[in-house]
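The structure appears below as structure tokens.
The values are calculated or read from the model by the stated rules, or taken from the named source; none is laboratory data. All of these numbers come straight from a predicted model, not from anything done at the bench. So basically every Cβ, Gly included, is an ideal-geometry build from the backbone, and we count neighbours across all protein chains shown. Just so you know, the surface numbers come from the protein's heavy atoms only, side chains and all, with ligands and any DNA or RNA stripped out. Shrake-Rupley method; radii C 1.70, N 1.55, O 1.52, S 1.80 Å.
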Amino acid sequence: MKTFIKTDIKRAFFNFRFAVSFILLFLVWEINSKRFTVYDDALYLFIHIWGRSTTSLLSMAITSFAYAGSYTEDVEGNILKYIIMRIGIKKYIISKILACFFAAFFVFVIGTSLFLIKTCLRVPLVAIESLTVANFKMESCLGWLLPENTDIYILIQAFLYGLYCAGMSVIALALSTMVKNSYAIYALPFLIHFVLFYIFSRISVEVPILSVERIFDSSTVTYTKNPVFLIGYAIFVTGIFIIAGYELMYKRLKGEFS
């Protein structure tokens, strides 16, 4: 089991897809930043690029590119049944999900970090009289971190965004067992996002904790004033994504190899 997980991790991180993915994510941040011509710090760009452009949707697709297609690769390489015979269905699925999740998460972290580092070469992380701090400090449950601990504020939010992208990547991996077109896999994350958004769009007006966009967003208006609850709930929902992905893959592979 450990040996196969190590193999999957190596496949996920030490291949051209991983490098291409975080470079593409950096470019998405960079290109979408061009629409904002007036800003006083990197914090402004970090919040507004994500919230007011296609960055969030593209991030889901790009982070999935790293390893969500690994099941399809195993099928196309005619090695799936041999792996299943060797380690079993459950261990195969656990290994795939772990590698897929962490690959997607670190693609987001690296690509976003590269953008923030480049941005901080031009402007400060947070300006002395930051307009962003003035606008969002009182709205977010993490606003108390601003401006003194802006780096921690951004780190926490990047962690939450990374969780969402990684969770969607796991769902895409699971659904890849049912999709014949390997290229369609990378469109699945933001399609799932829209499905969840529309399913809960009405009820989330009254119960904002069910809004898929607000669960993983602490940068603007938060549905709770408790940062521990917000982060814990985001981790909990991510766990639901992972469990759902496992169940989908298990049912599919169990039916195919039983």
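What list of ³J(HN,Hα) couplings, whole Hz, do you get for the range 6-18 from phi and the Karplus terms 6.51, -1.76, 1.60, once you set θ to phi - 60° and write x for glycine and proline?
Once θ is set to phi - 60°, the couplings for the range 6-18 become 4, 5, 5, 4, 5, 4, 6, 9, 9, 8, 5, 5, 5 Hz.
Sticking with the crude label model, points 7 Å out along Cα→Cβ, report the distance from Lys137 to Lys34 in nm, one decimal please.
3.4 nm
For the range 145-158, take each phi angle, set θ = phi - 60°, evaluate the Karplus expression 6.51 cos²θ - 1.76 cosθ + 1.60, and give the result in whole Hz per residue in order, putting x for glycine and proline.
Here the 3J(HN,Hα) series is 7, 8, x, 5, 10, 4, 4, 5, 4, 5, 4, 5, 5, 5 Hz.
Report the gain in length on full extension from Glu76 to Ile9: 0.36 nm times residue separation, minus Cα-Cα distance, nm rounded to one decimal.
Result: 22.2 nm gained on full extension.
Work out how far the C-alpha atoms of the range 50-118 reach from end to end along every principal axis, then list the three figures in whole Å, largest first.
47, 18, 18 Å, listed from the longest principal axis down.
What's the center-to-center distance, using Cα atoms, between the range 132-165 and the range 225-256 in Å?
So the separation of the two Cα centres works out to 24 Å.
So for the range 1-148, taking the charge dipole from beta-carbon charges (+1 Lys/Arg, -1 Asp/Glu), which of Ile49, Thr3, Ala99 sits furthest toward the positive end?
Of Ile49, Thr3, Ala99, it is Thr3.
For the range 6-74, what is the accessible area per residue in Å², given a 1.4 Å probe and the full set of protein chains?
Values: 2900 Å² over 69 residues.
Accessible surface, normalised per residue, equals 42 Å².
Pulled fully out, how much extra length does the chain show between Thr224 and Lys118, if you take 0.36 nm times their separation in residues and subtract their Cα-Cα distance?
34.9 nm
Using Cα pairs closer than 8 Å and at least 6 residues apart in sequence, work out the relative contact order for the range 51-124, in percent.
Numbers: 23 pairs, mean separation 32.2, N = 74.
Over the range 51-124, the number comes to 43 percent.
Residue separation times 0.36 nm, minus the C-alpha to C-alpha distance between Arg52 and Phe16: what's the value?
Taking Arg52 through Phe16 to full extension adds about 10.0 nm, to one decimal.
Based on the Cα coordinates of the chain, what is the per residue volume of their convex hull in Å³? Present the calculation step by step, with values, prior to reporting the outcome.
Details: hull volume 33.6 nm³, N = 258.
With only Cα atoms used, the chain gives 130 Å³ per residue.
For the chain, what does -39500 (n - 2.57) per DSSP helix run (n ≥ 4), summed and divided by total residues, give at 222 nm, in deg cm²/dmol to the nearest 500?
Values: 13 runs with 180 residues, N = 258.
Result for the chain, helices only: -22500 deg cm²/dmol.
Just going by the charge dipole of the chain, with Lys and Arg at +1 and Asp and Glu at -1 on Cβ, which of Val170, Phe26, Thr238 is farthest out on the positive end?
Value computed over the given set: Val170.
Could you order the peptides 35-47, 101-113, 152-164, 127-139 from most to least packed, using the average number of other C-beta atoms within 10 Å per residue?
101-113, 152-164, 35-47, 127-139
Nothing charged except the Cβ atoms of Lys and Arg (+1) and of Asp and Glu (-1): what's the magnitude of the dipole of the chain about its Cα centre? Round to the nearest 20 debye.
Once rounded to the nearest 20, the dipole reads 1000 debye.
With every protein chain present, what is the per residue accessible area of the range 181-253 (1.4 Å probe, Å²)?
Spelled out: the 1.4 Å probe surface of the range 181-253, per residue, equals 57 Å².
Place a point 7 Å from the Cα of Glu247 along the Cα-to-Cβ direction; which residues of the range 72-114 have their backbone N under 19 Å from it?
Inside the label zone: 90-91, 93-95, 97-98.
May I ask you to evaluate 6.51 cos²θ - 1.76 cosθ + 1.60, the Karplus curve with θ = phi - 60°, for each residue of the range 134-142 and list the ³J(HN,Hα) values in order in whole Hz, giving x for glycine and proline?
These are the phi-based 3J(HN,Hα) values: 4, 7, 10, 4, 7, 8, 9, 5, 9 Hz.
How large is the dipole of the range 77-178 about the Cα centre if only Lys and Arg carry +1 and Asp and Glu carry -1, each at its Cβ, rounded to the nearest 20 debye?
Dipole magnitude for the range 77-178 comes out near 800 debye.
Roughly to the nearest percent, how much of the accessible area of the range 175-258 is carbon and sulfur, given a 1.4 Å probe?
The value for the range 175-258 is 68 percent carbon and sulfur by accessible area.
Quantify, in whole percent, the carbon and sulfur part of the accessible surface of the range 11-102 (1.4 Å probe; protein heavy atoms only).
67 percent
For Cα pairs less than 8 Å apart in space and 6+ apart in sequence, what is the mean separation divided by the residue count of the chain, i.e. the relative contact order in percent?
26 percent
Work out the FRET efficiency for Met85 and Lys2 from their Cβ-Cβ distance, taking R0 = 25 Å, and round it to the nearest 0.05.
0.85
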